[in-house]
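Visitor: After the structure tokens below, expect a handful of questions from me.
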């Protein structure tokens with residue numbers, strides 16, 4: 001049975017960046033307008049005044065300093081506060097597919113292999129362009145790949161779930177190489193009028209090629225991949241096709257991203273640490289000896305805590321990769337951005353961990369060794 005290998009990764013970065021201060025200026029302009037418009041009701045105690053935000057608050061709460069987005073003008077307009085992404089005709093490549101193809105082309109170039117050897121495409125992301133036809137099939141067609149393709153949604157854990165599925169396909173002989181793409185326009189499901197979450201997400205796309213070892217000169221041997229889910233309502237997005245069947249609820253905040261951040265922190269950190277430690281033990285690996293952690297980029301405090309628990313000490317600079325400051329939370333793509341941008345100094349035999357976690361709850365661990 002072949003031991004699957006991560007052959008290469010790719011990254012697409014949107015053209016626009018938004019700093020915390022730009023986001024705060026827009027949010028505070030909205031707050032000022034809301035409070036002025038509702039001054040009488042606020043004075044009577046019928047509704048609460050909205051509180052302004054600050055760039056310092058955002059960075060302290062999350063570790064985020066800026067984020068990339070597909071559209072900047074709509075987000076920074078206090079009258080709109082959402083991205084403006086025009087709908088494309090069916091004959092044109094959809095925007096999520098376009099992002100995914102760009103990341104995939106870089107991954108193929110970094111691999112040096114042939115798309116004809118890729119037998120499957122998995123689009124693993126937190127939000128799809130549409131229910132069908134599958135994004136993965138559109139991406140497969142755009143890249144001229146044969147075989148099969150399907151979409152997978154496990155929120156922020158989608159990439160590691162995709163890697164596990166790809167590794168299983170290769171081990172079973174269903175494909176020689178699998179392309180996983182993670183296009184994320186997280187700004188599209190973010191409530192930019194919510195002080196507690198308007199700063200969390202950014203947009204990006206990543207790609208991973210998992211292949212049989214004979215197709216890869218170097219790469220990363222997958223020592224083990226493990227998945228876990230546990231139901232929770234503490235991170236939720238209720239947008240869906242049945243919203244039109246209950247139109248009175250379409251404008252409610254829960255049709256966008258909502259979370260109970262403190263509960264998520266208290267519950268997800270131990271879940272993820274237990275999964276990592278148990279997985280490492282079962283495959284005979286010492287987590288304290290890992291050279292690097294490439295974790296999901298959700299919150300600096302979560303990542304710091306997980307890093308300390310897994311390594312058994314405070315991580316040294318560069319051991320626990322943080323790209324939150326520049327990219328913000330990019331859902332499924334976060335751990336892959338971290339891996340893609342910080343793996344070039346590994347020698348053969350050195351080991352690291354790709355780990356994602358998020359809504360569901362869901363979590364995935366992928367231990368790798370440089371070939």
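Quick note: the coordinates plus some simple rules give every number you see, no bench work behind them. This structure is a prediction, so every number in the text was calculated from the model and none was measured. Cβ atoms come from the backbone with ideal geometry, glycine included; neighbour counts cover every protein chain shown.
Visitor: Taking every alpha carbon pair in region 33-81, what does the distance histogram look like in 10 angstrom bins from 0, in percent?
Guide: Per 10 Å bin, starting at 0, the Cα pair percentages come out as 20, 31, 35, 14, 0.
Visitor: Volume per residue, Å³, of the convex hull around the alpha-carbon atoms of region 221-370?
Guide: About 123 Å³ per residue, rounded to a whole number.
Visitor: FRET efficiency for residue 37 and residue 288, Cβ-Cβ distance as r, R0 = 56 Å, nearest 0.05?
Guide: According to the calculation, E is roughly 0.50.
Visitor: Rg and Dmax of region 107-222 over Cα atoms: what are they, in angstrom?
Guide: That works out to 15.4, 51 Å for Rg and Dmax.
Visitor: Next up: If I fit a long axis through the Cα atoms of helix 95-111 and take the longest principal axis of the Cα atoms of the chain, what angle between them do I get, 0 to 90°, rounded to 10?
Guide: It is inclined by approximately 30 degrees.
Visitor: To continue, here is another question. Put one equal scatterer on each alpha carbon of the chain, apply the Debye formula with no solvent term, and list log10 I(q)/I(0) at q = 0.08, 0.11 1/Å to two decimals.
Guide: -0.40, -0.74
Visitor: Moving to a separate point now. Given q = 0.11, 0.17, 0.18 Å⁻¹, what are the Debye log10 I(q)/I(0) values for region 249-335, with equal point scatterers placed on the Cα positions and solvent ignored?
Guide: Log10 of I(q)/I(0), two decimals: -0.37, -0.77, -0.85.
Visitor: According to the Kirkwood expression over distinct Cα-Cα pairs, how big is the hydrodynamic radius of region 304-371, in Å?
Guide: 13.1 Å
Visitor: Under 20 Å from a point 7 Å along the Cα-to-Cβ line of residue 153: which residues of region 174-195 have their amide N that close?
Guide: Of the residues in region 174-195, 180-192 have backbone N under 20 Å from the label point off residue 153.
Visitor: How long are the semi-axes of the equivalent ellipsoid of region 139-178, defined as square roots of 5 times the Cα gyration tensor eigenvalues? Whole Å, largest first.
Guide: Taking √(5λ) for each Cα gyration eigenvalue gives 18, 15, 7 Å.
Visitor: If one takes the longest principal axis of the Cα atoms in the chain, at what angle in degrees, from 0 to 90 and to the nearest 10, does the Cα axis of helix 300-311 lie?
Guide: Between the helix axis and the principal axis of the chain, the angle is about 30 degrees.
Visitor: Find the centroid of the Cα atoms in region 194-271 and in region 294-371, then give the distance between the two in whole Å.
Guide: Here the answer is 16 Å between Cα centres.
Visitor: List the residues of region 53-67 whose backbone N lies under 20 Å from a point placed 7 Å from the Cα of residue 196 along the Cα-to-Cβ direction.
Guide: What the label zone holds, given the 20 Å backbone N cut-off, is 53-64.
Visitor: If you don't mind, there's one more thing I want to ask. With angles folded into 0 to 90 degrees, how steeply does helix 261-282 sit against the dominant principal axis of the chain? Use alpha carbons for both and round to 10.
Guide: Here the helix axis deviates by roughly 10 degrees.
Visitor: Multiplying the sequence separation of residue 46 and residue 244 by 0.36 nm and subtracting their Cα-Cα distance, what value in nm do you get?
Guide: Additional length available on full extension: 68.3 nm.
Visitor: Output needed for region 15-174: three equivalent-ellipsoid semi-axes, defined as square roots of 5 times the C-alpha gyration tensor eigenvalues, in descending order, whole Å.
Guide: 42, 17, 16
Visitor: Given a Förster distance of 22 angstrom, what is the FRET efficiency for residue 85 paired with residue 141, based on the Cβ-Cβ distance and rounded to 0.05?
Guide: The formula returns an efficiency of 0.55 here.
Visitor: Hey, can you rank 295-301, 250-256, 206-212 by average C-beta count inside 10 Å, highest first?
Guide: Result, highest mean first: 206-212, 295-301, 250-256.
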